[in-house]
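Please treat every number below as a calculation from the coordinates, not as lab data. This structure is a prediction, so every number in the text was calculated from the model and none was measured. In this analysis, Cβ positions are derived from the backbone assuming ideal geometry, glycine residues included, and neighbour counts consider all displayed protein chains.
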Amino acid sequence: MDQTPRPDHSARPLALVTGVGRTVGIGAGIARRLAATGWDVAFTSWTPYDERMTWGAEAGATDAIARSLAELSAATTAVEADLTDPEAPARVFDEVERRLGAVTALVMCHCESVDSGLLDTTVESFDRHFAVNARATWLLIREYARRFAGPHGTGRIIALTSDHTVGNLPYGASKGALDRITLAAAHELAHLGVTANVINPGPVDTGWMSGEAREQLIAHTPLGRLGTPGDTGNLVAFLCSPEGQWINGQLLMSNGGLA
């Protein structure tokens with residue numbers, strides 16, 4: 001899709017948010033919150049992934065998300081990106097820079113997530129999880145760092161993680177690798193003045209939970225509700241703000257106190 005024009009090219013910083021394929025997803029919630037707090041937003045999606053999942057692809061989602069961002073005065077553009085391809089991160093940055101300019105914040109919400117355990121995970125599935133969740137995270141961070149030229153202290157890298165491993169081996173293991181890759185950036189990119197943090201948002205019901213799982217999780221959460229994409233969006237927006245600069249190199253739990 002074509003981008004919406006920037007009302008004032010110099011007034012708003014630009015965030016690149018990956019994994020924004022559904023209007024109810026965490027990525028979309030983060031993108032909307034960033035737009036509401038003064039950011040322009042480029043985002044990626046990969047429709048074939050949603051088509052493989054139980055929820056299926058959401059027709060018109062990209063356009064609907066873009067419209068919601070434009071209504072918040074954000075310039076926006078969407079890029080389809082297969083992050084199993086090691087060339088995809090560079091192409092994404094090329095396209096975003098061509099359409100909207102330099103990226104100030106990289107927020108990674110993309111994932112491969114297919115349940116399987118120690119005994120039934122296939123080598124193909126294991127490799128796909130690590131290609132998307134770990135390798136693509138590294139390559140996106142590397143591409144961002146190579147291109148970042150903003151003022152010292154303004155750059156932001158944020159990745160979403162999970163501590164779920166039982167019955168979800170390749171997802172949990174590859175997210176553990178994502179954690180280490182992202183947190184390393186807080187030190188290795190110190191010369192750029194870029195902060196890097198990881199957020200574990202806990203279970204957020206974006207259409208994948210059964211009724212039983214929903215009830216159990218609510219019962220184990222002190223605040224008596226599930227997390228929402230907006231909850232994660234609020235934390236991301238704070239970390240991306242000047243006030244969030246001093247939080248760096250952290251894995252943050254944002255789950256309402258879920259035990």
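If the segment from residue 225 to residue 71 were pulled out straight at 0.36 nm per residue, it would be longer than the present Cα-Cα gap by 52.5 nm.
In plain terms, the residue of 114, 204 with the fewest other Cβ atoms within 10 Å comes first and the most crowded comes last, giving 114, 204. Exposure proxy for 39, 246: other Cβ atoms within 10 Å of each Cβ, ordered fewest to most, give 246, 39. Local charge for residue 105 was computed over the other residues whose Cβ lies under 11 Å away, with Lys and Arg +1 and Asp and Glu -1, and equals 0. Cβ under 12 Å from residue 96's Cβ, residue 96 left aside: what net charge do those residues give with Lys, Arg +1 and Asp, Glu -1? That sum, taken over residues with Cβ under 12 Å, equals -1. Karplus-derived 3J(HN,Hα) values for the range 249-254, using 6.51 cos²θ - 1.76 cosθ + 1.60 with θ = phi - 60°, are x, 10, 9, 9, 8, 10 Hz; glycine and proline are entered as x. Each other residue within a Cβ distance under 11 Å of residue 48 adds +1 if Lys or Arg and -1 if Asp or Glu, for a net charge of -3.
Compute the long axis of helix 88-99 from its Cα atoms, compare it with the longest principal axis of the Cα atoms of the chain, and write down the angle in degrees, 0 to 90, nearest 10. Approximately 40 degrees, to the nearest ten. Between residue 118 and residue 82, the simple label model (points 7 Å from Cα in the Cβ direction) yields a spacing of 3.4 nm. For the range 113-126, backbone phi angles converted through the Karplus equation (6.51, -1.76, 1.60; θ = phi - 60°) give residue-by-residue couplings of 9, 10, 5, 5, x, 4, 8, 10, 5, 8, 4, 4, 5, 4 Hz, Gly and Pro being listed as x. Exposure proxy ranking for 210, 68, based on other Cβ atoms within 10 angstrom of each Cβ and starting from the fewest, stands as 210, 68.
Distance between the modelled labels on residue 191 and residue 98, one decimal in nanometres: 3.0 nm (7 Å Cα→Cβ projection). Taking the Cα centre of each part, how many Å lie between the range 15-64 and the range 185-229? First find each Cα centre; the distance between them is then 16 Å. Using C-alpha pairs under 8 Å with a sequence gap of at least 6, the mean separation divided by the residue count of the range 14-253 gives a relative contact order of 22 percent.
The string of couplings for the range 156-166 from the Karplus curve (6.51, -1.76, 1.60, θ = phi - 60°) is 9, 10, 9, 10, 9, 10, 8, 9, 7, 10, 5 Hz, one whole number per residue in order, with x for Gly and Pro. Highest GNM mean-square fluctuation, the chain, Cα pairs closer than 10 Å: which of 119, 69, 34? For the chain, modelled as a Gaussian network with Cα springs under 10 Å, the answer is 119.
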